[in-house]
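Asker: Here you go, one structure.
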Amino acid sequence: MRRLKIITMVAAAAGAALVAAVMTASPARADTDPTTTTLTLASNRVVFGLESSFQMSIGVNASSGSWEITAASPATGQVSLCGGDVSSGTSCTMPAGALPVGNYNVDAVYFGNENSGPSADGPIPLTVIAQQPTTTSLRLSSDTVIAGQEDSEELDFTALGDTGNPAQGPVTVLAATQAGSTPLPSCTNIQVSAQFGDGSCTLAANELAPGTYQLTARFDGNQNFLGSSSAPQTLTVLAQQSTTTSLTLSPPSVTFGSGQAETFTATVTPATSGTPTGTVTVKTGSTPLCTIALANATGKCTIPNASQMTPGSYPLTATYNGDNLYLSSTDTSQTLTVAKEPTTTDLQLTADTIAVGSERAEVFTGTVTPVTSGTPTGTVTVKRGAIGVCTFTLANGTGSCRLTQRQLAPGSYQITATYNSDSTYAKSTSSPPQTLTVVAAGLAPLFARR
């Protein structure tokens with residue numbers, strides 16, 4: 001401190017000597033008007049090599065006459081920085097490299113003219129520094145990001161000199177945890193733009209494990225700019241939670257042609273907490289049936305034409321498609337059943353009593369009627385008890401068949417007709433059973449008369 005004071009005193013003395021010399025060298029006229037000179041510097045500090053942007057000016061109450069701004073230090077002595085004539089301007093900038101790094105006293109001298117006397121101002125202290133102080137700022141596009149999706153996170157930073165000028169040099173973003181501070185590989189040595197002093201980088205996917213990090217942008221500086229670090233910004237990397245998807249059906253089955261609708265309800269449950277969002281897709285095989293939009297982790301969709309699907313069993317796959325916080329999951333436990341349309345079968349006999357040997361005169365006529373609409377196809381088997389006696393193929397939902405000669409022994413039989421179903425219509429059996437009596441050949445007319 002004492003040394004700096006001595007240097008300042010020496011520089012001030014040199015400036016005073018210069019002013020005194022100027023005063024002495026100026027024309028001595030008793031009728032000249034006194035003047036006042038005021039020196040103004042843009043700052044008390046200038047960066048070495050950037051002096052050409054450093055503004056200096058004088059104010060003097062005269063309309064003409066020469067002036068000069070000088071700087072002095074014990075190491076350099078008196079150094080002329082700039083000058084001119086009041087009539088053509090009173091401001092200037094310092095030549096680049098005019099002063100080495102150090103402390104100076106700057107003086108301004110107005111030399112006067114035939115009507116105005118000389119005057120001076122100063123000394124004003126000036127420091128030439130090797131590097132300019134900087135400030136660095138960091139901004140995050142979001143304060144949370146999902147593990148594996150860090151490439152959606154952009155980091156923006158700016159480095160400025162102390163006068164607001166863009167700094168130049170590399171920036172590195174560091175992530176601090178309890179274990180220490182580590183540079184992010186995707187954000188290391190990023191050069192800021194020369195025009196604005198700003199830059200950005202994007203994290204790489206899976207660059208950070210789930211957790212909370214304090215991110216800091218470190219400007220490393222260069223020969224003209226000192227390094228600086230931003231205030232820490234908090235980034236939380238969230239792990240996606242696993243989920244469980246469950247699907248329920250209402251009703252559990254539908255009947256073909258009934259006009260019934262099928263409603264699927266999906267619920268997605270997270271492993272720990274929260275509310276999954278997004279959609280659940282319901283398929284059978286590779287065929288999509290509907291998509292459910294979740295609200296409060298549940299949702300429904302309805303298939304109005306479910307009863308028009310071909311009868312059969314349809315294994316279902318309900319897939320939650322996941323969102324930013326929750327992983328996808330699948331339920332394959334449910335099967336949609338489309339039942340065949342019910343039918344009724346009616347049986348008619350040409351006679352309820354026949355004689356042995358005349359069985360071919362007995363004709364069984366069966367009609368199969370669906371509950372709703374359409375025409376059943378396939379075959380009908382006529383049975384005595386559990387034993388089939390003849391079979392016929394339906395044509396337009398009806399058909400008939402006969403017994404063969406001497407097919408039945410004398411006795412009483414319970415006759416039914418069973419429709420054997422097809423791909424669309426369900427099996428059915430006539431009810432109640434019809435009674436067929438077979439008698440000896442000579443007795444049939446007697447039964448008929450009774």
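The values are calculated or read from the model by the stated rules, or taken from the named source; none is laboratory data. Just so we're clear, the structure is a prediction, and the values are computed from it rather than from any experiment. Positions of Cβ are backbone-derived with ideal geometry, glycine not excepted, and every protein chain shown enters the neighbour counts.
Asker: With Pro210, Pro183, Pro170 as the choices, which residue is more than 26 Å from the chain's Cα centre (by Cα), at negative phi, of a type outside the set (Lys, Arg) and outside the structural domain of Gly59 (by TED's automatic domain parsing)? Walk me through it before giving the result.
Answerer: Values: Pro210 fails: more than 26 Å from the chain's Cα centre (by Cα); Pro183 fails: more than 26 Å from the chain's Cα centre (by Cα).
Of Pro210, Pro183, Pro170, the one residue that is more than 26 Å from the chain's Cα centre (by Cα), at negative phi, of a type outside the set (Lys, Arg) and outside the structural domain of Gly59 (by TED's automatic domain parsing) is Pro170.
Asker: Please report, ordered by residue number, the strands (runs of 3 or more DSSP E) entirely within the range 106-149 with at least 3 residues that are under 30 Å from Glu68 (Cα atoms).
Answerer: Qualifying strands (runs of 3 or more DSSP E): 119-129.
Asker: Right, here's the next one. Any chance you could count how many residues in the range 280-321 are of a type in the set (Gly, Ala, Ser) and over 20 Å from Thr255 (Cβ atoms)?
Answerer: Here the count works out to 7.
Asker: Do we find a residue being among the β-branched types (Val, Ile, Thr) and in a loop (DSSP other than H, G, I, E, B) anywhere in the range 297-317?
Answerer: Within the range 297-317, one or more residues are among the β-branched types (Val, Ile, Thr) and in a loop (DSSP other than H, G, I, E, B).
Asker: Would you confirm whether or not the range 412-419 contains a residue that is within 60 Å of the chain's Cα centre (by Cα) and modelled with pLDDT of 95 or more?
Answerer: Yes.
Asker: Further question: Going by what's in this entry, would Gln178 be described as in contact with a strand residue (DSSP E or B) (Cβ under 7 Å, 6 or more places away or on another chain) and not assigned by TED's automatic domain parsing to the domain that holds Ala98?
Answerer: The answer is no for Gln178.
Asker: Looking for something part of a strand (DSSP E or B), polar (S, T, N, Q) and either without any contact (Cβ under 8 Å) to a residue 60 or more places away in the chain or in contact with a strand residue (DSSP E or B) (Cβ under 7 Å, 6 or more places away or on another chain) (or both) - is there at least one such residue anywhere in the range 42-53?
Answerer: Within the range 42-53 (the criterion being part of a strand (DSSP E or B), polar (S, T, N, Q) and either without any contact (Cβ under 8 Å) to a residue 60 or more places away in the chain or in contact with a strand residue (DSSP E or B) (Cβ under 7 Å, 6 or more places away or on another chain) (or both)), the answer is no, since none of the residues qualifies.
Asker: Please state which one of Gly112, Gly164 is at positive phi and in contact with a Pro (Cβ under 7 Å, 6 or more places away or on another chain).
Answerer: So the residue among Gly112, Gly164 that is at positive phi and in contact with a Pro (Cβ under 7 Å, 6 or more places away or on another chain) is Gly112.
Asker: From (1) part of a strand (DSSP E or B); (2) of a type in the set (A, V, I, L, M); (3) not assigned by TED's automatic domain parsing to the domain that holds Gly227, pick out the condition that doesn't hold for Leu155.
Answerer: Leu155 satisfies every listed condition except (3).
Asker: Checking the structure you have, find out if any residue of the range 365-384 is farther than 17 Å from Thr263 by Cα, of a type in the set (Gly, Ala, Ser) and modelled with pLDDT under 95.
Answerer: Looking for residues that are farther than 17 Å from Thr263 by Cα, of a type in the set (Gly, Ala, Ser) and modelled with pLDDT under 95, one finds at least one in the range 365-384, hence yes.
Asker: Can you tell which of Gly411, Gly378, Gly385, Gly357 is touching an Asp or Glu at 6+ places or on another chain (Cβ under 6 Å) and over 30 Å from Leu289 (Cα atoms)?
Answerer: Numbers: Gly411 fails: touching an Asp or Glu at 6+ places or on another chain (Cβ under 6 Å); Gly385 fails: touching an Asp or Glu at 6+ places or on another chain (Cβ under 6 Å); Gly357 fails: touching an Asp or Glu at 6+ places or on another chain (Cβ under 6 Å).
It is Gly378.
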